[in-house]
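The values are calculated or read from the model by the stated rules, or taken from the named source; none is laboratory data. If you're wondering where the values come from, they're calculated on a predicted model, not measured in any experiment. Glycine also receives a Cβ, built like all others from the backbone with ideal geometry; neighbour counts cover every protein chain displayed.
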Amino acid sequence: MALINLITQSLDRLEEVRDIDVASLSQDSRLQSFVLWNLYSSIQGTIDLTLKVLGRLGGETPDTCSNAFKILAQRSLITSETAMNMKQATRLRNMILYRYGEVDFITIKNVVFDHLNESKKFITELGTALNGSGIDILDF
């Protein structure tokens, strides 16, 4: 399965719970796990996709996952605004991964809205830029 499909599958699952209220999210550990897993999965997928694209294109190797998005922007494959947003998503991924017990679900609820939109924008921008170079985003 192409990485893009895994990312969009996680985003679609998050879309399903987009309207859940914070109280329900704060009290339901299964719902928390569902949201955090799909949020993590979608962010990690964008990181993996970015690293694979950069590997295929060659050139500068990022020293961190978040810098990979900066390199995409420098190559005009995504906008600098999208790179900054995806860099913030990488920080969120780290928070989910390394400090699970300290997750603030009010923040997570708000972030899900932003992340859904920003990830979709990232996929659109990258897919369009790659297509213009003769590369299909589904190849990754």
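One line per residue, one yes/no per condition, for (1) surrounded by fewer than 16 Cβ atoms within 10 Å (Cβ to Cβ); (2) in a helix (DSSP H, G or I); (3) at pLDDT below 95:
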| position | (1), (2), (3) |
| --- | --- |
| Q9 | yes, yes, no |
| E15 | yes, yes, yes |
| D19 | yes, no, yes |
| A23 | yes, yes, yes |
| S26 | yes, yes, yes |
| V35 | no, yes, yes |
| L39 | no, yes, yes |
| G45 | no, yes, no |
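Could you say whether any residue in region 108-117 is of a type outside the set (G, A, S), more than 19 Å from D12 (Cβ to Cβ) and surrounded by 12 or more Cβ atoms within 10 Å (Cβ to Cβ)? Yes, region 108-117 has at least one match. Looking at T61, T128, T50, just one residue is of a type in the set (S, T, Y) and within 30 Å of L31 (Cβ to Cβ), and that residue is T50. Scanning region 1-49 for residues that are of a type in the set (S, T, N, Q) and either under 17 Å from E118 (Cα atoms) or in contact with a Cys (Cβ under 7 Å, 6 or more places away or on another chain) (or both) yields N5, T8, Q9, S10, N38, S41, S42, Q44, T46. Among (1) of a type outside the set (D, E, K, R); (2) in a loop (DSSP other than H, G, I, E, B); (3) in contact (Cβ under 8 Å) with a residue 40 or more places away in the chain; (4) more than 18 Å from N117 (Cα to Cα), where does I78 come up short? Exception for I78: condition (4). Consider region 87-99 and keep the residues that are without any contact (Cβ under 8 Å) to a residue 40 or more places away in the chain and in a helix (DSSP H, G or I). The one that is surrounded by the fewest Cβ atoms within 10 Å (Cβ to Cβ) is Y98.
Results for (1) closer than 18 Å to T124 by Cβ; (2) of a type in the set (S, T, N, Q), shown as yes or no for each residue.
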| residue | (1), (2) |
| --- | --- |
| P62 | no, no |
| C65 | no, no |
| K70 | no, no |
| S76 | yes, yes |
| A83 | yes, no |
| T90 | no, yes |
| M95 | no, no |
| R99 | no, no |
| F105 | no, no |
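In region 100-123, the residues that are acidic (D, E) reach residues that are part of a helix (DSSP H, G or I) with C-beta atoms within less than 8 angstrom, at least six apart or across chains, in these pairs: E102/M95; D114/N85; E118/T82; E118/N85; E118/M86; E118/A89.
Being of a type in the set (A, V, I, L, M), within 24 Å of D136 (Cβ to Cβ) and without any contact (Cβ under 8 Å) to a residue 40 or more places away in the chain is true of L54. All of I71, I108 fail the test of being under 25 Å from V35 (Cα atoms), touching a helix residue (DSSP H, G or I) at 6+ places or on another chain (Cβ under 7 Å) and either in a helix (DSSP H, G or I) or among the charged types (D, E, K, R) (or both), apart from I108. Checking each residue in region 47-68 for being in contact with a helix residue (DSSP H, G or I) (Cβ under 6 Å, 6 or more places away or on another chain) and not in a helix (DSSP H, G or I) picks out E60, P62.
Taking L57, is it surrounded by 15 or more Cβ atoms within 10 Å (Cβ to Cβ) and either more than 17 Å from L126 (Cα to Cα) or modelled with pLDDT of 95 or more (or both)? No, not satisfied.
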